[in-house]
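Q: Can you read through this structure? Questions will come right after.
The values are calculated or read from the model by the stated rules, or taken from the named source; none is laboratory data. The model shown is predicted, which means the values in this text are computed figures rather than measured ones. Cβ atoms come from the backbone with ideal geometry, glycine included; neighbour counts cover every protein chain shown.
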Amino acid sequence: MFLDRDGVVVEEVDYLRRPSQLKLIPGAAEAIVRLRRAGFLVVVVSNQSGIARGYFTLGDLRKIHAKLRAELKARGARLDAIYFCPHHPEAGARVDCACRKPKIGMLLEAKKRFKIDFKKSFLVGDASADMGAARKAGVAAILVSTGYAGKDGKNKMAKPDARVKDLGAAADWILAR
């Protein structure tokens, strides 16, 4: 189970820069608990170009992720891993990397580490880059209405397999299959 972070697990705030800004989306922790109980690994894959843009540092991001893990743990949920892309092709060092979604470098890294079968995997996201990454990796794509709700308009060719209200509804859809 691949999850985008902002707009799926935590509220979208346009460059989450400080731990104090982090707020879980209602029901997200419970959905993660249900997915893990069903036997899924839960891996976050998140573009974090705010680092390349100079909006926050890698140290800030580590603190944000520590708070995310603590908030989830307090609700009985746990992530298996968090992967992030700090690059941007037009900001900072202008890196055209293999990890920034819709590219699939983060997913491939997780696949190698955990021996993940993409044919049995899902990616839940709120943006077209998420849907594009899912398509390129050959995993099922689920678009949530939280966050950007796919309205960023950057990749109209990346159609989701399902459109659902939030991560809880995505878990319902996945577990029904």
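Q: Quick one: is Ala52 in contact with a Pro (Cβ under 8 Å, 6 or more places away or on another chain) and either outside any loop (DSSP other than H, G, I, E, B) or more than 20 Å from Tyr148 (Cα to Cα) (or both)?
A: Working: in contact with a Pro (Cβ under 8 Å, 6 or more places away or on another chain): yes; either outside any loop (DSSP other than H, G, I, E, B) or more than 20 Å from Tyr148 (Cα to Cα) (or both): yes.
Judged against the criteria, Ala52 is a match.
Q: Okay, moving on. Given the residues Asp96, Asp117, which is the only one that is free of Cβ contacts under 8 Å to residues at least 12 places away in the same chain and either within 18 Å of Ser49 (Cα to Cα) or in contact with a Cys (Cβ under 8 Å, 6 or more places away or on another chain) (or both)? Let's see the steps before the verdict.
A: Details: Asp117 fails: either within 18 Å of Ser49 (Cα to Cα) or in contact with a Cys (Cβ under 8 Å, 6 or more places away or on another chain) (or both).
Every option except Asp96 fails the conditions.
Q: What's the total number of residues in segment 133-160 that are farther than 19 Å from Ile174 by Cα and surrounded by fewer than 21 Cβ atoms within 10 Å (Cβ to Cβ)?
A: 8
Q: Okay, moving on. Looking for whichever is surrounded by 19 or more Cβ atoms within 10 Å (Cβ to Cβ), of a type outside the set (Val, Ile, Thr) and free of Cβ contacts under 8 Å to residues at least 60 places away in the same chain here; the options are Leu68, Leu22, Leu58. Which one fits? Before the answer, list the steps.
A: Details: Leu68 fails: free of Cβ contacts under 8 Å to residues at least 60 places away in the same chain; Leu58 fails: surrounded by 19 or more Cβ atoms within 10 Å (Cβ to Cβ).
Exactly one residue qualifies, and that residue is Leu22.
Q: Going by the conditions given, is Ala70 modelled with pLDDT of 95 or more, part of a helix (DSSP H, G or I) and not polar (S, T, N, Q)?
A: For Ala70, the condition - modelled with pLDDT of 95 or more, part of a helix (DSSP H, G or I) and not polar (S, T, N, Q) - is met.
Q: Taking the residues in segment 73-114 that are assigned to a loop (DSSP other than H, G, I, E, B), under 24 Å from Ala31 (Cβ atoms) and of a type in the set (D, E, K, R) as candidates, determine which candidate is nearest to the chain's Cα centre (by Cα). Give the derivation first.
A: Narrowing segment 73-114 to residues assigned to a loop (DSSP other than H, G, I, E, B): 75-80, 86-104.
Restricting the remaining residues to those that are under 24 Å from Ala31 (Cβ atoms) gives 75-80, 101-102, 104.
Applying the additional criterion that residues be of a type in the set (D, E, K, R) yields 75, 78, 80, 101.
On the way: Arg75: 19, Arg78: 14, Asp80: 13, Lys101: 10 Å.
Step by step, filter segment 73-114, then rank; the result is Lys101.
Q: Would you check if Ala81 is without any contact (Cβ under 8 Å) to a residue 12 or more places away in the chain and within 22 Å of Lys112 (Cα to Cα)?
A: It is false that Ala81 is without any contact (Cβ under 8 Å) to a residue 12 or more places away in the chain and within 22 Å of Lys112 (Cα to Cα).
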